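The block underneath contains the structure these notes are about, expressed in structure tokens.
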Amino acid sequence: MTDPATSPAGLILRVALDTPLRRLFDYRAPAGSNHVLPGMRVEVPFGRRTLLGIVIEVTDRSDIPEARLRTAASVIDTEPVLDTLLLGLVRFAADYYHHAIGEACATALPSGLREGRPLHALEPRWRLSATGAAAVAKQPRLGHRQRALIDLLTARSEMDLTDLEVLGESARSTLRSLIGKGWVDAYEVPCEAITPVTPIVGPKPIPTAAQAQAIAAITASLGGFAPFLLHGVTGSGKTEVYLRAIEEAVAAGRQALVLVPEIALTPQAVSRFRARFDAPIAILHSGLTDTDRLAMWRLARSGRAPIVIGTRSAVFVPLARPGIVIIDEEHDPSYKQQEGFRYSARDLAVLRAQREQVPIVLGSATPSLETLQQAQAQRYRLLSLPERAGAAGVPRTTVVDLRVHEERHGIATPTVMAIERHLAAGGQVLIYLNRRGYAPTLFCPGCSWSAPCESCDARMTVHMRRQQLVCHHCGAQAPVPFACPRCSNELRPVGQGTERIEDGLDELFPGVPIARIDRDTIQGRGEIEQALDRVQSGEVRILVGTQMLTKGHDFPDVTLVVVLNADQGLFGTDFRASERLAQSIVQVSGRAGRASRPGEVYIQSACPDHPLLQRLVGEGYDGFADSALAEREAAGWPPYSRLALLRADAPERADALAFLEAARDVTPSLQGLRLLGPVASVMERRAGRYRAQLLVESRQRTTLHRFLAAWLPQVEALPQARRVRWSVDVDPLDVT
Ligand code: ADP
Ligand code: ZN
Ligand code: ZN
């Protein structure tokens with residue numbers, strides 16, 4: 001038993017530990033630690049290990065018997081790493097998503113802090129050394145990467161981490177080699193907040209009337225909570241609205257938090273901000289090293305970076321002086337974490353803005369139906385930018401009926417002619433197909449065998465370049481067989497993937513430079529930059545790609561966009577399939593004719609009369625959204641109801657279902673709720689595990705949450721739970 005004298009009388013720390021357990025752990029405060037506050041890190045004994053945890057509450061009583069209460073080993077911080085507001089946000093999120101608080105805290109903190117690194121630290125800086133300056137004066141021949149770095153170092157007295165990030169991924173190794181040569185000195189300085197930023201007053205476009213209205217509405221609400229939906233067609237100048245609103249906030253000494261989808265956070269995107277603000281911009285994306293991530297986090301927390309741009313988890317980044325929140329492409333599914341702690345950064349950002357009393361702007365050309373409905377109900381204020389900012393008009397759309405036109409290599413004759421026409425006129429062509437690889441199926445005409453994945457209820461995709469069959473669900477790989485393993489017949493790839501379209505285009509348009517952009521050709525952030533440069537320089541004439549192409553990149557010289565297979569989304573099994581399809585079509589169409597050239601869009605479909613497609617083509621996204629919302633309301637789907645999905649998987653088919661059936665049997669009152677299932681998932685077997693689900697639906701958010709709060713502890717305690725992996729997904733994006 002611990003000597004009570006080693007602990008200040010009665011001081012108990014309730015600590016969140018990074019474990020899947022949905023509870024807090026009580027410890028005595030270590031001796032002499034009088035100023036422990038919620039949000040500080042502590043080291044505590046856990047079993048035989050020592051873990052780092054976050055203090056959630058400081059109290060004077062515990063349900064743990066005195067004799068079993070252990071004492072925390074040490075308090076790491078002298079001030080909270082999660083301030084009251086963020087800790088409140090994390091606690092809310094853990095409750096709302098019914099997830100373990102410890103894992104929620106872990107998501108909210110950069111890994112460096114979770115490993116015990118100090119909250120404050122010196123910040124790295126670089127400058128040209130005397131040797132470097134002398135060498136540069138002799139105007140040596142330099143590679144373009146070295147040149148870019150040297151130019152920056154010459155132009156400024158010193159360079160910081162945010163400069164390095166803008167130079168792109170390769171800048172770090174270039175910097176290392178310059179340090180090695182003695183041309184650059186590396187040193188460290190304390191990370192301090194800087195005085196309000198004077199935005200660079202460079203050439204700025206004069207806002208259109210619609211932009212001016214939006215800017216005025218947002219800036220008028222600075223200093224208080226106000227949610228806005230900025231619904232502007234692609235190229236309507238939403239970013240310009242963000243920039244102006246941020247200018248005001250920053251000039252008033254406040255910080256702006258800008259969330260963007262992962263793939264859209266390229267140096268090009270950041271340089272637009274850099275061109276307007278002569279200030280450090282903290283950038284947070286998944287490609288950063290742990291060290292850089294922590295350094296960027298500190299820049300945000302200290303207030304030294306007036307602008308913070310980040311992906312999903314940046315919603316948890318502390319700001320010294322919050323001023324405005326922007327969510328760009330708010331419809332993007334990457335804002336919802338799809339595993340572990342399944343939170344929606346968009347939804348939490350709205351709550352955060354409310355608690356911080358700052359305006360939040362949700363921008364999109366294709367708002368989610370949830371957000372549109374909030375605007376219709378006047379909970380969000382709608383700001384519309386109905387026209388494109390530049391000279392280009394709205395692209396003209398043609399639907400190509402695949403039932404009547406002949407296809408070659410997956411491209412119908414009218415489409416081929418349109419491509420020819422645009423290439424001849426000097427335009428670039430963008431071809432969108434949401435399927436990578438060569439063909440989705442390898443088929444035997446002799447016996448109808450089609451290469452299955454051994455671990456999934458799915459077919460293997462043929463990848464010709466790698467000469468492999470790949471399962472896109474579990475990642476399994478196998479060599480492409482020479483002949484049918486069952487009847488030795490010759491095998492035939494069936495269907496189209498981006499690789500095959502690239503080959504087809506090569507045959508149809510010999511000599512025309514083509515670039516393919518998908519996850520097979522683009523691995524790191526550096527590669528996407530290079531590919532985009534080749535497109536922007538005009539070297540590439542035809543671009544083929546997947547979803548990657550629809551996210552925020554500008555292709556000013558693309559005049560024709562082709563959507564190869566619109567039908568996948570029309571008959572999807574998920575209730576959101578048509579929304580996703582419409583968003584992809586509109587987003588990819590928005591890449592056409594952005595500069596001064598008029599654009600055209602060709603959509604290939606085998607069911608051109610489908611009502612949703614008709615409305616989309618005829619009336620645009622708004623017309624589509626009206627129909628889709630009416631369908632959702634009639635069917636009682638979100639946003640007209642609330643969902644939670646209980647998922648389970650197990651190596652044995654019976655176990656997943658047995659667990660969910662048992663869960664169903666222990667449900668408390670079902671008043672105001674509907675249970676759908678349990679049923680096997682649409683793809684029942686994935687990566688060798690059988691998957692099943694039970695959907696809970698309610699018209700009322702509070703009903704659903706009260707139910708989950710009462711139900712999940714019972715589910716957790718089920719003996720069947722030990723035989724499965726299970727999870728709960730609140731507001732799931734995907735219910736298949
Ligand atoms: P969005 O974010 O809505 O897709 P952008 O902000 O990227 O649109 O603007 C599209 C293009 O129009 C950009 O090249 C931008 O510089 C330009 N632009 C934006 N606003 C104006 C304006 N008021 N006048 C002229 N050009 C503008
Ligand atoms: Zn066969
Ligand atoms: Zn598989």
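For A630 and A251, calculate 0.36 nm times their separation in residues minus their Cα-Cα distance, and state this gained length in nm to one decimal.
Values: separation 379, 0.36 × 379 = 136.44 nm, distance 4.35 nm.
Full-extension gain reported as 132.1 nm.
What FRET efficiency would be calculated for the residue pair R125, R272, taking the C-beta separation as r and a Förster radius of 22 Å, to the nearest 0.05?
Details: r = 25 Å, r/R0 = 1.12.
Efficiency, rounded to the nearest 0.05: 0.35.
If Y96, Y187, Y343 are ordered by their accessible area, calculated over protein heavy atoms with a 1.4 Å probe, which sequence runs from highest to lowest?
On the way: Y96 25, Y187 50, Y343 0 Å².
The ranking, largest first, comes out as Y187, Y96, Y343.
Summarise the accessible area of segment 178-304 (1.4 Å probe, protein heavy atoms) by the percent that is carbon and sulfur.
Working: 2780 of 4820 Å².
Ligands and nucleic acids excluded, carbon and sulfur give 58 percent.
Would you list E188, E43, E697 from the most to the least accessible area, probe 1.4 Å?
Working: E188 115, E43 75, E697 10 Å².
So, going from the largest accessible area down, we get E188, E43, E697.
Compute, for segment 122-193, the length of the dipole vector about the Cα centre, with Cβ point charges of +1 (Lys, Arg) and -1 (Asp, Glu) only. Units Debye, rounded to 20.
Dipole about the Cα centre, nearest 20: 560 debye.
For F707, what accessible surface area do you get with a 1.4 Å probe? Give it in Å², rounded to 10.
10
I'd like to check one number: the per residue accessible area of the chain, probe 1.4 Å, reported in Å² as a whole number.
Numbers: 31470 Å² over 736 residues.
Here the per-residue accessible area is 43 Å².
Kindly provide the trypsin sites (Lys or Arg not before Pro) of segment 412-520 that DSSP labels as loop, not H, G, I, E or B, and whose Cβ sees at most 11 other Cβ atoms within 10 Å.
On the way: sites: R421, R435, R436, R459, R465, R466, R486, R500, R516, R519; in loops: R435, R436, R465, R466, R486, R519.
Answer in residue order: R486.
Summing Lys, Arg as +1 and Asp, Glu as -1, what charge do residues with Cβ under 9 Å from the Cβ of G39 carry, G39 excluded? Provide the component values of the computation, followed by the final result.
Details: positive: R41; negative: D77, E79, D83.
Computed value for this residue: -2.
Where does each of 560-569, 351-360, 445-454 land if you order them by average Cβ count within 10 Å, highest first?
On the way: 560-569: 23.1, 351-360: 20.1, 445-454: 15.5.
Sorting 560-569, 351-360, 445-454 by mean packing, highest first, produces 560-569, 351-360, 445-454.
Could you point to the residue in T131, P668, A377 farthest towards the positive end of the chain's charge dipole, with +1 and -1 charges on the Cβ of Lys/Arg and Asp/Glu respectively?
Farthest towards the positive pole: T131.
What does the charge dipole of the chain about its Cα centre add up to, to the nearest 20 debye, if the Cβ of each Lys and Arg holds +1 and the Cβ of each Asp and Glu holds -1? Provide the component values of the computation, followed by the final result.
Details: 84 positive and 81 negative charges, 148 e Å.
Here the size comes out at about 720 debye.
Starting from the Cα gyration tensor of the chain, take the square roots of the eigenvalues, sort them a ≥ b ≥ c, and report rounded, prolate or oblate (rounded when a/c is under 1.5, otherwise prolate if a/b is larger than b/c, else oblate).
Working: a/c = 1.56, a/b = 1.15, b/c = 1.35.
Oblate, because a/c is 1.5 or more while a/b does not exceed b/c.
Just how large is the dipole of segment 4-114 about the Cα centre, in debye to the nearest 20, putting +1 at every Lys and Arg Cβ and -1 at every Asp and Glu Cβ? The partial results should precede the final answer.
On the way: 12 positive and 12 negative charges, 75 e Å.
My answer is approximately 360 debye.
Do the sum for the chain: with -39,500 (n - 2.57) for every DSSP H run of n ≥ 4, divided by all residues, what is the mean residue ellipticity at 222 nm, to the nearest 500 deg cm²/dmol?
On the way: 21 runs with 236 residues, N = 736.
Taking each H run of at least 4 residues, the total per residue is -10000 deg cm²/dmol.
Along the charge dipole of the chain, which of A295, C453, T162 sits closest to the positive end, that is, farthest toward it, with unit charges on the beta carbon of Lys, Arg, Asp and Glu (+1, +1, -1, -1)?
Positive-end residue among those listed: A295.
Count the lysine pairs in the chain whose Cα atoms sit under 30 Å apart, keeping only pairs 8 or more residues apart in sequence or on different chains. Display every interim value, and only then the final one.
On the way: K138/K181; K204/K238; K204/K551; K238/K336; K238/K551; K336/K551.
For the chain, the number of qualifying lysine pairs is 6.
Could you please state, rounded to a whole Å, how far the C-alpha centre of segment 497-517 is from the C-alpha centre of segment 274-316?
39
Is the shape of segment 200-384 rounded, prolate or oblate, going by the alpha carbon gyration tensor and its root eigenvalues a ≥ b ≥ c, with a/c under 1.5 for rounded and a/b larger than b/c for prolate?
Values: a/c = 1.44, a/b = 1.11, b/c = 1.29.
The shape class here is rounded.
How large a share of the accessible area of segment 359-446, in percent, is made up of carbon and sulfur atoms when the probe is 1.4 Å and the other protein chains stay in place? Walk me through the numbers on the way to the answer.
Details: 1880 of 3890 Å².
After summing per-atom areas, the C and S share lands at 48 percent.
Hey, if we sort L645, L423 by accessible area with the 1.4 Å probe, largest down, what's the order? Walk me through the numbers before you get to the answer.
Details: L645 0, L423 25 Å².
Most to least solvent-accessible, the answer reads L423, L645.
What accessible area, in Å² to the nearest ten, does a 1.4 Å probe give for D60?
100
Accessible area of segment 642-730 with a 1.4 Å probe: how many percent of it is carbon plus sulfur? It would help to have the intermediate numbers written out before the result.
On the way: 2020 of 4320 Å².
The value for segment 642-730 is 47 percent carbon and sulfur by accessible area.
With Cβ to Cβ distances under 10 Å as the rule, what net charge do the other residues near G495 carry (K, R +1; D, E -1)? Intermediate values should be presented prior to the final figure.
Values: positive: R435, R459, R500; negative: none.
So the environment of G495 carries a net charge of +3.
Which residue, G253, L319, I307, has the largest displacement toward the positive end of the dipole of segment 200-384 when charges sit on each Cβ (Lys, Arg +1; Asp, Glu -1)?
G253
Taking the Cβ of S157 as the center, what net charge do the other residues with Cβ under 10 Å away carry, scoring Lys and Arg +1 and Asp and Glu -1? Intermediate values should be presented prior to the final figure.
On the way: positive: R125, R127, R156; negative: E158.
Net of charged neighbours comes to +2.
The values are calculated or read from the model by the stated rules, or taken from the named source; none is laboratory data. The model shown is predicted, which means the values in this text are computed figures rather than measured ones. As a convention, Cβ positions derive from the backbone with ideal geometry for all residues, glycine included, and neighbour counts pool all protein chains shown. Heads up: the accessible areas ignore ligands, DNA and RNA and are worked out on the full protein's heavy atoms, side chains in. Shrake-Rupley method; radii C 1.70, N 1.55, O 1.52, S 1.80 Å.
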